[in-house]
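First the structure, in the form of structure tokens, and then the observations on it.
The values are calculated or read from the model by the stated rules, or taken from the named source; none is laboratory data. Predicted model only: the values in this text are computed from it and were never measured. With ideal geometry, Cβ positions are generated from the backbone for all residues, glycine too; neighbour counts draw on all protein chains shown.
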Amino acid sequence: MPLHSLYYSLLLCGLIIMSLAFCFKEAAVATPTRGCSEVERDALLDFKANVKDPSHRLASWSPQIDCCKWSGVVCKTTNNATLFGGHRVVELNLQNPNVDNEQTFHTALRGEILSPSLLNLTRLERLNLSWNDFEGAQIPQFIGSFLNLKYLELFWSNFAVVIPSQLGNLSSLYHLGLQSGWGATRIAHRLDWLSGLSSLRYLDLTQVNLSAVSQNWLSEVNMLPSLQELYLYGCDLNHIPSSFNSHLNLTSLEILDLEGNPFYSSSSLPNWLFRLTNLSLLRIDASGLIPAGISNLTRLIQLDISGNISSPLPVEIWSLNHLILLDLSDNEMLTGTIPVEIANLSSLQSLFLSDCSLNGQIPSEMGNLNSLTTLDLSFNSLSGPIPIEIGNLTSLINLDLSFNLLSGPIPTEIGNLTSLLSLELSSNSLSDPIPTEIENLTNLISLDLSYNSLSGPIPIEIGKLSKLQVLFLSNCSLNGQIPSEIGNLTSLISLGLSYNSFSGPIPTEIGKLSKLQVLFLSNCSLNGQIPSEIGNLTSLIRLDLSYNSLSSPIPTEIGKLSKLQFLFLYNCSLNGQIPSEIGNLTSLIRLDLSYNSFSGPIPIEIGKLSNLKDLYLRENSRITISLDYDSIPSFQLESLDLASCTAVGPRFPQWLHSQKSMSVLSLSNTSINDILPHWFWNSSSSTFSVIDLSHNKLRGTLPSSIEVIRSLEYINLRSNKLEGLVPRWTLQIWALDLSFNDFSGPIPSSKISPFNLILSNNHFNGSIPSFICKSEQLEGLDLSYNKLSGEIPKCWKEANTNLYFIHLGNNKLTGEIPSSIGNLIGLRSLHLDNNDLSGQLPMSLQNCTELRVIDLTGNNFLGSIPTWMGQSLQQLTVLILRSNMFSGIIPSNLGELSKLHVLDLANNNLRGSIPCSFGNFSTIRLTSRATDDTISIEGSIDDISIEGSIDDFEYGESDSVSIVTKGYKYRFSSILYLVKIIDLSSNSLTGEFPTTLGSLVGLQTLNLSRNFLRGRIPYTIGGMKSLETLDLSFNNLSGVIPQDLSKLTALDHLNLSYNNLSGDIPSGFQLQTLLDASIYMGNAYLCGDLINKSCSNDVDNNVTKEELQKSKS
């Protein structure tokens, strides 16, 4: 080539290169900035405009900032970025940063509509809206148009209603999370759309209602050949196919969670499960036996089977040696012992066998599981000692053996478990002192040994557990003083030492526990004072020191506990004035200072506790109410108990008018002497459920507006001076007690009966309304001591098991006992005493086999005592047929009533002999157990009323009967502990005194007077060791008085008058205290100093030598 041609060629190339460079430079200047497109930015801004962002998580979403730099937005460059401009949005991650904690709700995005403008994000691959609140809106169908979407997570986003089938269009999706939450209900009516998600590897439908697809869910899921994780927890599935004949595509499945579905009600574990050999995690509720095929799942790491799995477990389960977690808890049908083969699971880290029915001992081989970090065997029936090998499990972090039957000491080897964070051994029968080796558990956060039979004091070594946050040693039989070292536990949040037998005071060092929120020291036998250092516990929320002997005032420092919500100081022997500083407890919700000896005024500052809901000051008789009669306190109480605070009266507290939320009110025995105000019953008080105004002097009438209080369950107006008519009620209440008032007129008819209707001791007249016997919910009825007339209603419903006591005594009822009363098969107490009833006892009464008490005193019943009483009424404890017209012989099978305490057949026309079988009364053959009942004596000497307390509405737990003994009428309550009495007086009985009665060791009263008994008083009478009263007067008894009578050390009432007894009156021991000569009068041949008659030969001639010798022996 010529040189000039080469030159021109090179010049041309240079020009071309320069031109191209210029063009590229111009092109570079024309290319936009590499940010997100305006379309996608506007789409995101539109989304933002449609949601609420209370925590400003989207603050960076500003038009002036590149959207690729916005929070939660991820972009990437696409191949055609030059043509479309910049990066494209491929991920939108708006997951709430506060997951499942107290801030979750406050930082959630909210909104009802997800803007369809998001469809402009055409390259979106990942969308995460979890832990937000879209307020129950429908999952938008347009999500199915994100064809590039690979990851969709709507976990706990409060989308509700039906899952759209359009999700099946997302063919690239590999992750789909639709778990419900926030209480929202998600429903899938069909799952066939899953077949479009062929790439899906992760599917979470937790708590989505799949009941509509319960029969075919497996077939639909089987269309996902790539699926590795499937979560169907709590989906209302009630069917799991026992077999699956189609080709199983789920062979890649590694995680299967079917827990929380009611499969256990109908299905056992299906065999197709064991073809999923890649499973590493299996959770399922099932029933029946676990098949041996479980051994195929050799890759299992976690196995969780709950429901009704039954024993025995297959031995193959112990070959799954890769298991890290085994959970067979909540299987009540799983019985038997823990097999020793469990030691084969050498990789096991977590073992849960709680809430089963396992028994036997914990195998020592369990100590070989040295990788174990969690062991939970709670809520079983495991017995025997805790094996010492448990000390080998040095990796344990959590150990729970609570609620079993374990016994013996806590092994000292427990001190080897130095990694332990939680130790739960409560509710067993463990004994001996707490081992001092517990000091080695320096990482312990929670220790619960409560409800055991431990002994000794709390070891001082416990003070070395500086990380301890929870310590419960309640009900452990511990003693000694609470150690001062407990003050070293400065991390404590909860401390429970209640129900022990400690001595000494509350240690002042307790004031060092500044983080303490809960302190339970009730029933601890503590004495001394409440330490002023308690004011240092400024984090305290609950404080219970009740049932101790803290005979001191409440320290004023208690006013520093501004976070305190619950304060229980009842039954503490506290005294002095209630400090005004208690008004500083502005967080207080419940205050209970009942059963103390406070004096002076209740501080007016209590009225300023605006959060107070429950105020209990019961049984503080010396306090006065400083709240002004008509003041308006800051609080709105729900419960108020001032019972037996006698200074509340005499006026009815007007300030109660301001309480609009009151549910429980007790002003019993508060010396109120006032007219019950009408406002009390109006709609402003319509929240009442319990009203107790008993034992006051309230006057006035009941208005019909009582019907406004729809929530009322219990009314007790007992022992007041209320009068007038009782209004008709339509309330469905549990108990209505208007007894001991001056109400009059008829009992109002009603369509609804209270469960317990107590109207005794008033002036009601007329007949008993029929609604009472038609009621199916009536449980207790007391209409005694009124002026009711007419017959007992006959309409008692068949097979009524609810009604268990009827008291109709002391009225003017006539006619017979209706046969329909035999329909009351649950009846336990029947009182028809002191009426004008007549006729024979109906045979149907034998159907009432639960009867404990029958009192028919003072009527005109006739005929013989039926033999079925001794056959059918085996639960009888009290049988009183006194003062009727019964005739014939006493049935001998009454002696088969083994539980009988009281038998009173006095003042009838009975004849024949006393049955020897009466010596068989099993309960009377035993001495009486002591009773704690408080008994008050009222009335005249001729009619002494000994009343227990039945105004607590514990009906059926107590009863009340009148009994004549020692010449007087007494009224006894609490029949479980009644005196033991047999009274057959004032009949026409003949024959001899049965010697078998001498075996009735527990008998306290025996009255056989005013009959025609003959023969001797048997010497076996000395066996009646508990006898207090013996009346054999007005009979034809003869022979000497046995010397054994003097051995009856409890005897304080004796009457042997008007018989044919003879010989010397015995003396010595108890008889020396009975110095009334009249108890022997009318026996012509008795002699002795007491009756001023010497024993002459004439007297002695009427006594045989044999009798004389026996009387002195």
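Just wondering, is there one or more residues in region 1027-1044 that are more than 19 Å from Gly991 (Cα to Cα), at pLDDT below 90 and either within 56 Å of the chain's Cα centre (by Cα) or outside any helix (DSSP H, G or I) (or both)? Yes: one or more hits. Among residues of region 121-148 that are in contact (Cβ under 8 Å) with a residue 24 or more places away in the chain, those with a beta-carbon under 7 Å from a residue that is of a type in the set (Val, Ile, Thr) and part of a helix (DSSP H, G or I) at least six positions away or on a different chain give the pairs Trp131/Thr104.
Just checking, which of Ile554, Ile534, Ile558 is closer than 21 Å to Ser634 by Cα, at pLDDT 95 or above and touching a strand residue (DSSP E or B) at 6+ places or on another chain (Cβ under 9 Å)?
Ile558
Name every residue in region 427-442 that is within 16 Å of Glu413 (Cα to Cα) and not in a strand (DSSP E or B), in order of residue number. Across region 427-442, the qualifying residues are Pro433, Ile434, Pro435, Thr436, Glu437, Ile438, Glu439, Asn440, Leu441, Thr442. Considered as a group, the residues in region 610-665 that are assigned to a loop (DSSP other than H, G, I, E, B) and aromatic (Phe, Trp, Tyr) include one that is modelled with the lowest pLDDT, and that residue is Tyr629.
Across region 119-136, the qualifying residues are those that are out of contact with any Lys or Arg (no Cβ under 9 Å at 6 or more places or on another chain) and part of a strand (DSSP E or B), and the one among them that is surrounded by the most Cβ atoms within 10 Å (Cβ to Cβ) is Asn128.
Of all residues in region 708-736, exactly one satisfies the criterion of being among the acidic types (Asp, Glu) and more than 26 Å from the chain's Cα centre (by Cα), namely Glu723.
Here Ala108 does not fit the description of being loosely packed, with under 11 Cβ neighbours inside 10 Å, among the aliphatic types (A, V, I, L, M) and either assigned by TED's automatic domain parsing to the domain that holds Leu152 or at pLDDT below 90 (or both). The residue of region 164-182 that is surrounded by the fewest Cβ atoms within 10 Å (Cβ to Cβ), among those that are of a type outside the set (S, T, N, Q) and in a helix (DSSP H, G or I), is Gly168. Inside region 736-770, residues that are in contact with a His (Cβ under 7 Å, 6 or more places away or on another chain) and surrounded by fewer than 20 Cβ atoms within 10 Å (Cβ to Cβ) make up a count of 2.
One line per residue, one yes/no per condition, for (1) free of Cβ contacts under 8 Å to residues at least 60 places away in the same chain; (2) of a type in the set (A, V, I, L, M); (3) in contact with an Asp or Glu (Cβ under 7 Å, 6 or more places away or on another chain):
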position	(1), (2), (3)
Leu279	yes, yes, yes
Ile284	yes, yes, yes
Ile294	yes, yes, yes
Leu297	yes, yes, no
Asn344	yes, no, no
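Within region 898-915, restricting attention to residues that are surrounded by fewer than 23 Cβ atoms within 10 Å (Cβ to Cβ) and modelled with pLDDT under 95, the residue that is farthest from Ser962 (Cα to Cα) is Ser898. Residues of region 263-285 that are crowded, with 18+ Cβ neighbours inside 10 Å, at pLDDT below 85 and closer than 21 Å to Val208 by Cβ: Phe263, Tyr264, Ser267.
For region 807-814, the criterion of a residue being within 36 Å of the chain's Cα centre (by Cα) and surrounded by 15 or more Cβ atoms within 10 Å (Cβ to Cβ) is satisfied by at least one position. The residue pairs whose first member lies in region 688-717 and is modelled with pLDDT of 90 or more, whose second member is hydroxyl-bearing (Ser, Thr, Tyr) and assigned to a loop (DSSP other than H, G, I, E, B), and whose beta carbons are closer than 6 Å, counting only pairs six or more residues apart or on different chains, are Asp692/Ser668; Ser694/Ser668; Ser694/Ser719; His695/Ser668; His695/Ser719; Asn716/Ser694. Out of all the residues in region 959-981, is one or more modelled with pLDDT under 95, touching a Lys or Arg at 6+ places or on another chain (Cβ under 9 Å), in a loop (DSSP other than H, G, I, E, B) and farther than 23 Å from Ser892 by Cα? The answer is yes; a qualifying residue exists. Residues in region 817-839 that are touching a residue at least 40 places away in the same chain (Cβ under 8 Å) and among the small types (Gly, Ala, Ser) were compared, and the one that is surrounded by the most Cβ atoms within 10 Å (Cβ to Cβ) is Ser829.
Residues in region 303-325 include at least one that is of a type in the set (D, E, K, R) and under 24 Å from Asp400 (Cβ atoms). Tell me, yes or no, whether region 1076-1083 has at least one residue that is of a type outside the set (D, E, K, R), within 60 Å of the chain's Cα centre (by Cα) and at pLDDT below 85. No; the residues of region 1076-1083 include none that is of a type outside the set (D, E, K, R), within 60 Å of the chain's Cα centre (by Cα) and at pLDDT below 85. Apart from one condition, Gly307 fits all of (1) touching a Pro at 6+ places or on another chain (Cβ under 9 Å); (2) within 24 Å of Gln361 (Cβ to Cβ); the exception is (2).
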